Amino acid sequence: MRRWAWPFATAVVVVCGAALLVWQLGMRVPPVADTLPEVAAAGTHQIARGAYLARAGNCMACHTRRGGAPYAGGRQIETPFGAVFTSNLTPDPQTGLGAWSAADFWRAMHHGRARDGGLLLPVFPYTNYTQVTREDADALFAYLKSLPAVTQANPRHDLRWPYNSQWALAVWRALYFRPGSLEVQPAQSAAWNRGAYLVRGLGHCNACHAARNILGASGDALNLEGGQMPMQGWYAPSLLRADEAAVADWDIADVVQLLQTGVSARGSALGPMAEVVLHSTQYLTGEDLQAMAVYLRALPGATAGVAEPRPGPDRSPEAGARLYGRHCADCHGDKGEGFGTAYPALAGNRAVRMAHVANLVQVVLRGGFAPSTAGNPRPFGMPPFQMVLGDKEVAAVITHIRSAWGNQAGEVTELDVARLRGGAQR
């Protein structure tokens, strides 16, 4: 390239970037009617509806810090770009939503914009919430306005440059976000459409069950292909792959039971998913749970059947077998057969055979606990072994489990365990 061309190209990039920023920051949001009087008039029915939707969206889990007042915000969420603190959703006029209108709240949900028009961080999953209907957004707002007001200022985000700038957000949104709504599919059943609304919109399932690119984007709400959960050390398995977490070959009753109680004959909810069941899905109606099950069983690309075995060790290392006999066999059986829903079978278990080993390592190190729910109030749990077993021993016992009783999965190394014990991402 000629010498004069470099400054010219740089100038073009700068001008285009400035134009993009001006467009995003100044882009006119269509006028939105303020329905606050209608919300107030709706009374207890509207508030109760909003409380239910808040459960469906698991709003309190993020917007409540440990030991803090419900919905008062302040919870720190670590991201690859720095720390983000969740906002106060109580109706306090200075630090919460007290000065907001229903139209302001709708703009946040649908357009990802703050009350002053600023661009919100996509840690708040407006990329999913944009599909929530205005009626449901108003019900949510009515419920939040009914909460006790808590004066608690929102901590300042601790994001690295340039991720703390509005122009970086403008670029991100131009690449990855368009406000939209979920279109009803006439060829599908009412249950399928309701399930799609819950899974893709308010339930924001792909906030976890999707891989993210270098800028933290996960694609559209149909992306449920699985991904490492940033900064958490857990892997959210694919809901499309039979060898991970697709439920195409499950009975609807088993899917409903898992979402309602945390355990079923086909699997258990552990780690972050156990928290979702604990705080959210156990409170949904049977009709909504069945709708979610219908949608999840019919996901595009979802396949039934058993995954093909992956190459693994020729035989189980003796050290791993001894460790299994000493620490695991009493609950999971000498041959990995398990015991009902209390202690999952390890033989033939697809969670054991997955290529991604993060969840296995986390369970062995930190324990595995299903949620305590109305349908399973006293769940059995697995104790943590991080103070009992070293990295080499954890690797050995997991490798044994992944290669015994017909399981044919790859070896887990000491380095794998060390990285996950230290919080590093794979």
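The values are calculated or read from the model by the stated rules, or taken from the named source; none is laboratory data. All figures in this text were calculated on a predicted structure; none of them were measured in a lab. A quick note on method: Cβ atoms are made from the backbone with ideal geometry, for glycine too, and the neighbour counts reach across all protein chains shown.
Does Pro148 satisfy the condition of being surrounded by fewer than 16 Cβ atoms within 10 Å (Cβ to Cβ), over 24 Å from the mean Cα position of the chain (by Cα) and modelled with pLDDT of 95 or more?
In short, yes.
Considering segment 372-422 alone, what residues qualify as being touching a residue at least 60 places away in the same chain (Cβ under 8 Å) and of a type in the set (Val, Ile, Thr)?
Correct list: Thr373, Val388, Val397, Ile398, Thr399, Ile401.
Could you check segment 246-344 for helices (runs of 4 or more DSSP H) lying wholly inside it with 1 or more residues that are in contact with a His (Cβ under 8 Å, 6 or more places away or on another chain) and at pLDDT below 95?
Details: elements: 252-261, 271-279, 286-297, 318-327, 329-332.
Filter on segment 246-344 gives 318-327.
Which of the residues that make up segment 369-403 are of a type in the set (Gly, Ala, Ser) and buried (at least 20 other Cβ atoms within 10 Å of the Cβ)?
Hits for segment 369-403 are Ala370, Ala395, Ala396, Ser403.
State whether one or more residues within segment 152-167 are outside the structural domain of Ala69 (by TED's automatic domain parsing), free of Cβ contacts under 8 Å to residues at least 24 places away in the same chain, part of a loop (DSSP other than H, G, I, E, B) and of a type outside the set (Ser, Thr, Tyr).
Checked against the condition, which is being outside the structural domain of Ala69 (by TED's automatic domain parsing), free of Cβ contacts under 8 Å to residues at least 24 places away in the same chain, part of a loop (DSSP other than H, G, I, E, B) and of a type outside the set (Ser, Thr, Tyr), segment 152-167 yields no hits at all.
Given the residues Leu182, Leu159, Leu140, which is the only one that is surrounded by fewer than 18 Cβ atoms within 10 Å (Cβ to Cβ) and closer than 26 Å to Thr64 by Cβ?
Leu159
Please specify each residue of segment 97-137 satisfying the condition of being surrounded by 22 or more Cβ atoms within 10 Å (Cβ to Cβ) and over 23 Å from the mean Cα position of the chain (by Cα).
Passing the criteria: Leu97, Ala102.
For the subset of segment 409-426 comprising residues that are in a loop (DSSP other than H, G, I, E, B) and modelled with pLDDT under 90, which member is farthest from Arg212 (Cα to Cα)?
Looking at the filtered set, the residue picked out is Gly422.
Give the residues of segment 67-80 that are over 19 Å from the mean Cα position of the chain (by Cα) and either loosely packed, with under 15 Cβ neighbours inside 10 Å or acidic (Asp, Glu) (or both), sorted by residue number.
Of everything in segment 67-80, those that are over 19 Å from the mean Cα position of the chain (by Cα) and either loosely packed, with under 15 Cβ neighbours inside 10 Å or acidic (Asp, Glu) (or both) turn out to be Gly67, Pro70.
Go through segment 219-245 and count every residue that is assigned to a strand (DSSP E or B) and touching a helix residue (DSSP H, G or I) at 6+ places or on another chain (Cβ under 8 Å).
So the count comes out to 3.
Within the group Ala102, Ala69, Ala108, Ala48, which residue is in contact with a helix residue (DSSP H, G or I) (Cβ under 6 Å, 6 or more places away or on another chain) and either closer than 29 Å to Ala174 by Cα or modelled with pLDDT of 95 or more (or both)?
The unique qualifying residue is Ala102.
Could you please give the count of residues in segment 373-395 that are farther than 20 Å from Gly338 by Cα and of a type outside the set (Asp, Glu)? Before the answer, list the steps.
Residues of segment 373-395 that are farther than 20 Å from Gly338 by Cα, as a first pass: 373-375, 377, 386-393, 395.
Applying the additional criterion that residues be of a type outside the set (Asp, Glu) yields 373-375, 377, 386-390, 392, 395.
Result for segment 373-395: 11.
Does segment 198-218 contain any residue that is free of Cβ contacts under 8 Å to residues at least 60 places away in the same chain, part of a loop (DSSP other than H, G, I, E, B) and either crowded, with 22+ Cβ neighbours inside 10 Å or at positive phi (or both)?
Looking through segment 198-218, at least one residue is free of Cβ contacts under 8 Å to residues at least 60 places away in the same chain, part of a loop (DSSP other than H, G, I, E, B) and either crowded, with 22+ Cβ neighbours inside 10 Å or at positive phi (or both).
Output yes when any residue across segment 382-402 is touching a strand residue (DSSP E or B) at 6+ places or on another chain (Cβ under 8 Å), closer than 30 Å to Thr285 by Cβ and outside any loop (DSSP other than H, G, I, E, B), and no when none is.
Within segment 382-402, not a single residue is touching a strand residue (DSSP E or B) at 6+ places or on another chain (Cβ under 8 Å), closer than 30 Å to Thr285 by Cβ and outside any loop (DSSP other than H, G, I, E, B).
So, of the residues in segment 348-366 that are more than 20 Å from the chain's Cα centre (by Cα) and under 15 Å from Ser268 (Cα atoms), which turns out to be surrounded by the most Cβ atoms within 10 Å (Cβ to Cβ)?
Val352
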